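A short worksheet on the structure shown next.
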Amino acid sequence: MDFQLSDEHQLIREAAREFAEREILPRVRDNDRAARFDRELASKLGQVGFLGAPVAEDYGGRGLDYIGYGLIAEEIGRADSSARTVISVQTSLVAGPIEKWGSEEQKRRWLPRLCSGEGLGCFGLTEPDTGSDAANLRTRATKTDSGWSISGQKMWISLGNHAEVALIFAQTDPAQKHRGLACFLVPTDSDGFATQEIHGKLGLRASDTAEISLDQVEVGEEAMLGEVGDGFKVAMSALENGRYSVAAGCVGICEGCVQSSVDYAKERKQFGVPLASFQLVQEMITEMILKRDASRMLVLRAGLLKDEGKPNATETSIAKLYATEAAVECANLAIQVHGGSGYVDDYPVERYLRDARVTTLYEGTSQIQKLIIGRDATGINAMLPLREI
Ligand SMILES: Cc1cc2nc3c(=O)[nH]c(=O)nc-3n(C[C@H](O)[C@H](O)[C@H](O)COP(=O)(O)OP(=O)(O)OC[C@H]3O[C@@H](n4cnc5c(N)ncnc54)[C@H](O)[C@@H]3O)c2cc1C
């Protein structure tokens, strides 16, 4: 067992940190205040190879392993969760599924544009009436002579207002339940495809979030990703990697909380001595360090399993559950260390708390992660109401 990062991984971490300091930190507060999605920053993430980093070089990616991808998500997540969300969605929820399930034609058409950041993609699973119960989609895909007609609503879709392609999950035959689901690559300029911005988010304000409506959107046969019946598997495999990147981003939030708190506690004096001299302040910092290190180890374990091609759904859920809850707790503690100064955006810690809060909701809530972990341990699926078991 080797706890050291390789030289290559160190270089990836340094490159991501240097990018975050140069390109993200100077604009993060203004983008958050203005609730502005920074399309230019998304392009820059693509230019430096941080979108679709694990995608094969043949398709425009960097061919990185998952440890390397996690380090990018961590460093960008430390600077700005909205930018990290662009990486997670574009890489794990859009490019990844296209690479894994797509035809050669679909890969050639979409992946180079997604990896370079020229085009953005979005992942349309959640609906107004369907969140955690993702197999129970209302969006319908009906067979036509030349392909499919899709109608329905999608809710809370990250990058939805700026994407040029949307992965749309739809039911082809309600009688088949999750075996009737299919995933379609829908160009967002299709007739009948419309989006609306969702405003007023607690955090992740510089991330774009959309409600999407599809009114008899016509697509050809070639738009289907995988086959009829693969939709649920496409969604779950995408989320398995998405959760990993969210967890890695949360390690970054924990790290940011520790660093900001240590710096502040050494600089700020009360009772004639630095805050860092007080045992109760050190205790808060220690709590954060414990959560950061445990999160990091869990993320590395999930990443190693992915790189070895071994099953990792449970380990990824453990990392996601722990790291996201840890990020919320660390951000809360970091505000406490900063006192009143932690309550305004002169320091990053109040934004860390607002941004961390969504990570225990999206890509499967903390409750859903617990049910996945519990199902693996007991063999019993407690996600369904008791009467249906
Ligand atoms: C900012 C943001 C960005 C998002 N981006 C995307 C995106 O890009 N694409 C996308 O498809 N979705 C996206 N989502 C949606 C997100 O994945 C869902 O919000 C999430 O899956 C939860 O679904 P829900 O909101 O409908 O909550 P619900 O499923 O209604 O859950 C409400 C509460 O009930 C609990 N609950 C539900 N079922 C059970 C159960 N069986 N047992 C115990 N407790 C349960 C939940 O844990 C939660 O606490 C985004 C959400 C947000 C807020």
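Tabulated data
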| quantity | calculated |
| --- | --- |
| Test result for residue 184, under 23 Å from residue 360 (Cβ atoms) and either away from the ligand (no atom under 16 Å from the Cβ) or open to solvent by less than 20 Å² (accessible area, probe 1.4 Å) (or both) | no |
| Of the criteria (1) under 29 Å from residue 53 (Cα atoms); (2) in contact with an Asp or Glu (Cβ under 9 Å, 6 or more places away or on another chain), which one residue 244 fails | (2) |
| Pairs where the first residue, in segment 358-374, is farther than 15 Å from residue 82 by Cα and the second is open to solvent by 30 Å² or more (accessible area, probe 1.4 Å) and within 8 Å of the ligand (Cβ to nearest atom), C-beta under 7 Å, 6+ apart | 365/132; 368/132; 371/382; 371/383; 374/382 |
| Residue check for residue 210: in a helix (DSSP H, G or I) and open to solvent by less than 40 Å² (accessible area, probe 1.4 Å) | no |
| Residue that is farthest from residue 205 (Cα to Cα), among those in segment 160-175 that are within 23 Å of the chain's Cα centre (by Cα) and open to solvent by 30 Å² or more (accessible area, probe 1.4 Å) | 164 |
| Residue within segment 128-138 that is surrounded by 15 or more Cβ atoms within 10 Å (Cβ to Cβ), away from the ligand (no atom under 14 Å from the Cβ) and of a type outside the set (Lys, Arg) present | no |
| Residues within segment 338-364 that are part of a helix (DSSP H, G or I), within 11 Å of the ligand (Cβ to nearest atom) and of a type in the set (Asp, Glu), tallied | 1 |
| Residue match in segment 115-127 (condition: within 10 Å of the ligand (Cβ to nearest atom), buried (at least 19 other Cβ atoms within 10 Å of the Cβ) and of a type in the set (Phe, Trp, Tyr)) | yes |
| Candidates 189, 173, 215, 230 - the one that is among the charged types (D, E, K, R) and touching a Cys at 6+ places or on another chain (Cβ under 8 Å) | 230 |
| Unique match (being within 24 Å of residue 21 (Cβ to Cβ), more than 12 Å from the ligand (Cβ to nearest atom) and at pLDDT 95 or above) among 377, 327 | 327 |
| Where residue 311 falls short, out of the listed (1) assigned to a loop (DSSP other than H, G, I, E, B); (2) touching a residue at least 24 places away in the same chain (Cβ under 8 Å) | (2) |
| Odd one out for residue 178, checked against (1) out of contact with any helix residue (DSSP H, G or I) (no Cβ under 6 Å at 6 or more places or on another chain); (2) surrounded by fewer than 23 Cβ atoms within 10 Å (Cβ to Cβ) | (1) |
| Every residue from segment 163-172 that is more than 12 Å from the ligand (Cβ to nearest atom) and assigned to a loop (DSSP other than H, G, I, E, B) | 164, 172 |
| Residues of segment 365-374 classified as open to solvent by 20 Å² or more (accessible area, probe 1.4 Å) and either within 9 Å of the ligand (Cβ to nearest atom) or within 20 Å of residue 127 (Cβ to Cβ) (or both), total | 5 |
| From 318, 285, 335, 289, residue being assigned to a helix (DSSP H, G or I) and either closer than 27 Å to residue 92 by Cβ or within 16 Å of the ligand (Cβ to nearest atom) (or both) | 318 |
| Test: residue in segment 304-313 that is open to solvent by less than 30 Å² (accessible area, probe 1.4 Å), polar (S, T, N, Q), under 25 Å from residue 135 (Cα atoms) and within 15 Å of the ligand (Cβ to nearest atom) | no |
| Residue, least open to solvent (accessible area, probe 1.4 Å), within segment 139-159, restricted to residues that are in a loop (DSSP other than H, G, I, E, B) and under 14 Å from residue 217 (Cβ atoms) | 139 |
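The values are calculated or read from the model by the stated rules, or taken from the named source; none is laboratory data. This structure is a prediction, so every number in the text was calculated from the model and none was measured. Here Cβ is always computed from backbone atoms with ideal geometry, including for glycine, and neighbour counts include all displayed protein chains. Calculation scope for accessible area: heavy atoms of the full protein, side chains included, ligands and nucleic acids excluded. Shrake-Rupley method; radii C 1.70, N 1.55, O 1.52, S 1.80 Å.
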